[in-house]
Every structure is written in C-alpha cells, then in structure tokens.
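This report refers to the structure that appears directly beneath it.
The values are calculated or read from the model by the stated rules, or taken from the named source; none is laboratory data. The structure presented is a predicted model; accordingly, all values stated were derived computationally and were not measured. Cβ placement follows ideal geometry from the backbone for every residue including glycine, while neighbour counts extend to all protein chains displayed.
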There are 2 protein chains.
Amino acid sequence: MSPKQAAKSQKAQFQKTEIRLSGSGGQGLILAGLILAEAAAIYEGKNAVQTQSYGPEARGGASKSEVIISNTEILYPKTTRLDYLLALNQESCDKYAHDLKEDGLLLADSDAVEHVPPIKVISLPLVRTARDKVGRIMTTNIVSLGALVGLSQVISVASLEKAVLSRVPKGTEELNLSALKYGLELAEEGKKYLEE
Amino acid sequence: MSPKQAAKSQKAQFQKTEIRLSGSGGQGLILAGLILAEAAAIYEGKNAVQTQSYGPEARGGASKSEVIISNTEILYPKTTRLDYLLALNQESCDKYAHDLKEDGLLLADSDAVEHVPPIKVISLPLVRTARDKVGRIMTTNIVSLGALVGLSQVISVASLEKAVLSRVPKGTEELNLSALKYGLELAEEGKKYLEE
C-alpha cells in the first residue's frame, strides 16, 4: 500500500467529517444538507448534525447548510475546520474557503467560481450539468451531492440514493436519481485531476 | 405596569430564544423548524440557527428540530436551556422536559402526552386539530407552529405566514394557512390557562 493509499484507508475510518454547502438561496442547499445528514444517520448508522445559520447574508440571498458526520456522538454541533466545502458561487468561495482544513477539498462550480485560492480544488460544471444534462437547473443540489459523495466517499451511494428518494418531492424521484448519477460521473472526472 | 407585565415587556426585547420541536419522524418537525428560523431571519431581520441532530434515536423513529432566534449573532449554535419545548409524544416529553429553563414552557399534545412534569405546561389538541379541523393530519407541524408562535410571540404572525407560504409544497398553501389559523386559535385558548 502506498503512503497515499494508506492515508486514504485511514480516512475511510474517519471519526468526524465537516461539510459546508454554500451558494445562493433557491439552489436547494438546505435540502441537500438534510439529505446528506439523513443518508449518514438513518441509512448508515452514523451520527449527524445538520445546521442552517441565518444572518444578514441570508437576507442578501446567500445560502449555506452544514453537515457534520461522525462515528461517535457529536458534542459540538458547529463546524470548526471544514473537510469539504461546496461553493456554487464566487461569493461563497471567497467567504468560506479559508474555513477549510489544510488538506480540505473545495468543490467549486466551474462556471460560477472563476477565481479559486491555491488549495485542493476540484471545479466541475455542476449547474451546467443540472441544466443541460439532467434538464432541470433545480437539480443542481442533487448533482452537487452526487459529486461531493463521489469525491469524498463520506457515505455510500446506496445510502445517498435512499435519502434522496425519501426527501425529494413526489414525482421528481427519477429526475433526481438521474441528477445523482450525473453528479457521480462528474466526481469520477474530478478524481482524475486530484490523482494527477 | 405590574411585575408580570414588566417581565413580559422585558421578554419582548429578548436577546435569545431557544426552541426544540420534538415528536416522531414524519410529523414534519424539520420543516417546521426551517419555517420558524426563516420567518425570524428572512422576514423579521433577526439571526437564527436551525439544527437537526441525528443519533440512534433518529433510527428509532424519533425526530427533533431546534431553532435559536436572537437579536445578536449566535456564536454557540447548540441549545443550552430551552425557552420552549414542543412535545408531540410522551417519549419526547419525558426525554426533553428537563432541558427547559425554570420558566420555560412545555407545549404538549394533549392526546399523545398523558403525563407531564410539574412545570409550566400547555396541553393542546394539536394532532387532533390537524386531523379533524384542518382535515389533514400532515398539517400537525403547522398547527403546532401556529400554537407555539401564538403563545411565545417570538416572531410575528405575518412573518410566520410568509415563511409558511415560501416553504410548503405547491398546492398546499391554503391548507397550511388554515392549519396556522387553527394553531393560533389554540394558542388563544391555551393562554387562558397560563393567565389563571
């Protein structure tokens, strides 16, 4: 096993993973956070805390949703240093990238986020995939979840699918499963950049 | 102004209110928490944090959702001592009543919660009102929100209405406004007991 693989293997036995999903109001990030937390907690037997904090920026149209996933009880429900940050717009990237751990991963929308800091970043066309491939821009949140879970493997795809199906509006199940699939495909593309 | 009125007036300028909504999965308490937080933050200019914590009890079918509302920035997002606890079943009441402040209020479903501790309690037929008066048991969450806001006045009814309308599934707006109205009426009934 290479050192890199050993590190990965160790990561698979993580104690705690902190994730922030950020972008604009209306992008469904709160629902995405709920789905991620419920996938981890209800379908995967982990502990999870999911939080929305609303301040002046919420009234300005920004949206953020946080999820902490852990194998043990979560005593402090606020994120401290992020393992993963999803940024669907430039403002979110600028505001939150410094909250990432040193080896944390920024997953950015490649069209909306033009300037990224010199950290571990994967830029993927999340919004564009939702709009052009899934055919509904409102599935950006599920495309993004698929990409995030594909990259992080913080939960299994099977758990994520179950949580998506239990939470999305009736009649949109197929659409959202399609969005999930496209998100996972994007993650596979993204991984190639990480491994380079 | 009587000491009681003075206390009430002071309470109207509260700095921080901590609320927990508890019951069973499927009762819509997470949505209710979101609505309450967004009413406070987006429509009322306050700060709010809304949290779901999922542990083993979530896999057992219990559900809880927390909201902290404050005039100032919320630095610690976990509830410490509750001002209000909604308990829609006995288990939730038993588990969480001791988290209330000394003068905190327990709002309990009068059918589902048969045994209440000797604290400030208002028992109201929340589930029954949703089922029999609104005509849809799935509106229990909104009836409960109406009752809670009517009793606590932590946010205005106008803000609550706006947040309900922005969050409930399309086509259920009238139903949920009706649920809200019934909840507010229950609060008026409940207040009489408190003032006695």
Scope the stretch A:57-77; condition under 19 Å from A:ALA147 (Cβ atoms), among the charged types (D, E, K, R) and within 10 Å of chain B (Cβ to nearest Cβ); matching residues: A:GLU66
With (1) assigned to a helix (DSSP H, G or I); (2) touching a residue at least 60 places away in the same chain (Cβ under 8 Å) as the list, and B:LEU175 as the residue in question, which single condition is left unmet? (2)
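When the stretch A:143-177 is examined, which residues are found to be among the hydroxyl-bearing types (Ser, Thr, Tyr) and within 19 Å of A:ASP109 (Cβ to Cβ)?
A:SER144, A:SER152
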For the list (1) in contact (Cβ under 8 Å) with a residue 60 or more places away in the chain; (2) closer than 20 Å to B:TYR193 by Cβ; (3) buried (at least 21 other Cβ atoms within 10 Å of the Cβ), I need the number of the one condition that B:LEU160 fails. (2)
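Kindly indicate which of B:SER144, B:SER92, B:SER110 is of a type in the set (Ser, Thr, Tyr) and more than 19 Å from B:GLY33 (Cβ to Cβ).
Going through B:SER144, B:SER92, B:SER110 in turn, the sole match is B:SER110.
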Return the total of residues in the stretch A:131-148 being assigned to a helix (DSSP H, G or I), surrounded by fewer than 24 Cβ atoms within 10 Å (Cβ to Cβ) and more than 14 Å from chain B (Cβ to nearest Cβ). 5
Of those in the stretch B:14-37 that are out of contact with any strand residue (DSSP E or B) (no Cβ under 7 Å at 6 or more places or on another chain) and in contact (Cβ under 8 Å) with a residue 40 or more places away in the chain, the residue nearest to the other protein chains (Cβ to nearest Cβ) is B:LEU31
Give the stretch A:115-149 a look and list any residue that's in contact with a helix residue (DSSP H, G or I) (Cβ under 8 Å, 6 or more places away or on another chain) and among the basic types (Lys, Arg), or say none. A:LYS120, A:ARG131, A:LYS133, A:ARG136
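For the stretch B:1-36, give me each residue that is part of a helix (DSSP H, G or I), modelled with pLDDT under 95 and over 20 Å from B:THR72 (Cβ atoms).
Hits for the stretch B:1-36 are B:PRO3, B:LYS4, B:GLN5, B:ALA6, B:ALA7, B:LYS8.
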Scan the stretch B:41-56 and report the pairs whose first residue is closer than 19 Å to A:GLU66 by Cβ and within 7 Å of another protein chain (Cβ to nearest Cβ) and whose second residue is outside any strand (DSSP E or B) and among the polar types (S, T, N, Q), with Cβ atoms within less than 9 Å and a gap of 6+ or a chain change. B:ILE42/B:SER159; B:ILE42/B:SER166; B:ASN47/B:ASN71; B:ASN47/B:THR72; B:THR51/B:THR79
One residue is enough: does the stretch B:107-125 have a residue meeting the conditions part of a helix (DSSP H, G or I), of a type in the set (A, V, I, L, M), surrounded by 17 or more Cβ atoms within 10 Å (Cβ to Cβ) and modelled with pLDDT of 95 or more? no
Could you count how many residues in the stretch A:45-55 are surrounded by fewer than 19 Cβ atoms within 10 Å (Cβ to Cβ) and at pLDDT 90 or above? 1
So for the stretch A:77-95 (the condition being at negative phi, within 13 Å of the chain's Cα centre (by Cα) and not in a strand (DSSP E or B)), does at least one residue qualify? yes
Screening B:ALA58, B:ALA97 for residues that are out of contact with any Ser or Thr (no Cβ under 7 Å at 6 or more places or on another chain), surrounded by 15 or more Cβ atoms within 10 Å (Cβ to Cβ), at pLDDT below 95 and under 27 Å from B:PRO117 (Cβ atoms) leaves only B:ALA58
Is it the case that some residue within the stretch A:159-166 is modelled with pLDDT of 95 or more and in contact with a Ser or Thr (Cβ under 7 Å, 6 or more places away or on another chain)? no
Test set (1) at the interface with chain A (Cβ under 10 Å from one of its Cβ atoms); (2) over 19 Å from A:LYS46 (Cβ atoms); (3) modelled with pLDDT under 95 - B:THR80 fails condition number: (1)
